[in-house]
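The values are calculated or read from the model by the stated rules, or taken from the named source; none is laboratory data. Since the model is a prediction, treat every value here as computed from it, not as a measurement. All Cβ positions, even for glycine, are placed from backbone atoms using ideal geometry, and neighbour counts span all protein chains on display.
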Amino acid sequence: MGLDAATLEILLSARDAGVSFDEVLTVGRQSLCASPAQIRAVLARHGVRLSAQQAQTLVTEQEGYCEPLLKLVGARRIDSIDVSNFEGASIVHDMNEVLPDSYRGQFSIVIDGGSLEHVFNFPVALKNCMDAVAPGGHFMGITPSNNLMGHGFYQFSPELFFRVFTPANGFRIEKVLVYECPWRGVWYEVLDPEAARRRVELTNNRPAYLIVWAKKTASVPIFAQWPQQSDYAAMWQRSAAGAIPGEDSPTSWYRAFLLRHAPFWASRLYRTVRPFRSQLFKKILIPQS
């Protein structure tokens, strides 16, 4: 659980866009997983200048946890929630269980820096995070996507977050990004599968993480209706309207063609050279200092 250079970049970009870091809740106590040089470079791009010694102090103060950096960028209150106090979390609560009412709507931002994949009862844990956000506040999540099997219980798809952070649940997606490790100043903004009218899939050769940035627009019952995968929901609607299943699927003809004709080596080469299809993943470059 930790905040690397890519995470710091998106958090500071969110702050620059008006996201409040006044009252912060982190899921698990988050370590700083960036070097002092990386921290200085990211902060400088967002108007915060530090000396080399100040940056070094940030990563050593409080045993390398993130609270000094969050205070530097405006946090007045910082809490962390965990199942035990072995890392000094300020709130001891098992995220497998429903969040106590006293913590609902209390935070301007909830940050998951890579903890929810370790919680077995993921829907409850995610709902807890959503409940903890105050109206007008934000959820920021950084979570494993590809090539991290065994890291936690789960790896996640962009589809999950697009279907969860919806007006029906009182949220609006601001951005869903994916990046590969090691981060080289490149993010890919992910297209919503519902808008693409196809599955937004990725097969790549390096560990990949998702960044989820969502705003709470209203306090409503969360998961009053369970999320459904968008392509199946579209198929059910077409079926109810009397359409023949699959006849107008934008992917059906070339999927069948590839399955019949594409040799294995060509598929592997494509995944290595160009795993991020431009129609589905918009490349965003971050200037490197």
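So here's what we get for this one:
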{"item": "Selection from region 24-53 of residues that are among the charged types (D, E, K, R), surrounded by fewer than 21 Cβ atoms within 10 Å (Cβ to Cβ) and in a loop (DSSP other than H, G, I, E, B)", "result": "49"}
{"item": "Where a residue in region 24-50 is under 20 Å from residue 143 (Cβ atoms) and its partner, wherever it lies, is in a strand (DSSP E or B) and among the aromatic types (Phe, Trp, Tyr), with Cβ under 7 Å and at least six apart", "result": "24/107; 25/107; 29/65; 30/65; 31/65"}
{"item": "Conditions (1) surrounded by fewer than 22 Cβ atoms within 10 Å (Cβ to Cβ); (2) touching a residue at least 40 places away in the same chain (Cβ under 8 Å); number of the one not met by residue 107", "result": "(1)"}
{"item": "Some residue of region 12-23 being assigned to a helix (DSSP H, G or I) and of a type in the set (A, V, I, L, M)", "result": "yes"}
{"item": "Residue identified as free of Cβ contacts under 8 Å to residues at least 60 places away in the same chain and within 13 Å of the chain's Cα centre (by Cα) among 160, 126, 116", "result": "126"}
{"item": "So residue 196, is it more than 18 Å from the chain's Cα centre (by Cα) and touching a residue at least 12 places away in the same chain (Cβ under 8 Å)", "result": "yes"}
{"item": "Helices (runs of 4 or more DSSP H) contained entirely in region 173-280, each with at least 2 residues that are at pLDDT 80 or above", "result": "193-196, 230-240"}
{"item": "Subset tally (residues that are surrounded by fewer than 17 Cβ atoms within 10 Å (Cβ to Cβ) and not in a loop (DSSP other than H, G, I, E, B)) for region 125-162", "result": "2"}
